[in-house]
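One structure is given here, and the rest of the page talks about it.
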Amino acid sequence: MDTTSTATQIMAGIEVPATPIVGQAIEYAREKCEPYLFNHVVRSWLFAARLGQLQNLEHDTEVVAVGSLLHDITLNEAFAGPRRFEVEGADLARSFVTEAGFDKRRAQLIWDSVALNSTPSIGLYKEAEVALCTAGICFDVVGLQYGRIPSGEVRKIVDEFPRLGMKSRMTNRFCCIARSCPETSYDNFVHDFGDRFVPGYRAPSSVDLVMNAPFDE
């Protein structure tokens, strides 16, 4: 259920908002993302929107749109840390919507949607907007909840916004982060790509961090 009063459009068969901020977010994502990544963020948005519709879930459709579209704006060659790419992206996304007039609550929902986009064990249990962004993104990346959307609808979305070798391209991007900014990967999923694909990559052990904490017992 849409809790915003907005104009709508149909994209790949899915009804989504057609407001100025959504249009601006589309263009910002197109500017920051390679074609495969742009298609990914659009698909993530459409999957998120459809999951919300199928569940009749009350939510702010603009927040879901912008959060999904901007969730990977730092997953590019310009990324240089010093924090994990999701946090850097969340700050950029929050600034983007604040400048566009979003209030603090909606801007914070955007921040959470971007910062938690790869942490479904948290994101799926937050506000409806954050949970839907997380679900749409994870649907597209790993097939989470894949059976919830009819297969014909999924095919239509993928046909209109093709994957363009996303698995290999995204793997290469994660490996670049693990090589160039390893300190940003130790507590997120990029760690797994570093472990498997990057020679010499080694993340510190959480066990060692706990055991070496500077406190007497």
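Since every read-out is calculated from the coordinates, none of them should be taken as a lab result. Keep in mind that this is a model prediction, so the values were computed, not measured.
General observations
- Per-residue [θ]222 nm for the chain (sum of -39500 (n - 2.57) over DSSP H runs n ≥ 4, rounded to 500): -18000 deg cm²/dmol
- Within straight-line cross-link reach of K104, lysines at Cα separation under 27 Å, skipping those fewer than 8 residues along the same chain: K32, K126
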